[in-house]
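All remarks here apply to the structure that follows.
The values are calculated or read from the model by the stated rules, or taken from the named source; none is laboratory data. If you're wondering where the values come from, they're calculated on a predicted model, not measured in any experiment. Reconstructed Cβ throughout: ideal geometry from the backbone, glycine too, with neighbour counts over all protein chains shown.
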């Protein structure tokens, strides 16, 4: 599996987009993709995705009180 082209990403972010290093490193991959105009960078979540998140990160644990 190939790694990310960090040098290329930094070049685009710092030179192409004019970001400061701290701004570049504070971006999420989704934000960087959006700024680069890449399609599919942000996708809507469907019900199956929401159910998967709820199962992985429940609001309370089994046996936990509601208080």
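Of note:
- Every condition in (1) at pLDDT 90 or above; (2) part of a helix (DSSP H, G or I); (3) in contact with a helix residue (DSSP H, G or I) (Cβ under 9 Å, 6 or more places away or on another chain) holds for residue 19 except the one numbered (2).
- Every residue from the range 25-53 that is exposed (fewer than 11 other Cβ atoms within 10 Å of the Cβ), outside any helix (DSSP H, G or I) and at pLDDT 80 or above: 28, 37, 46
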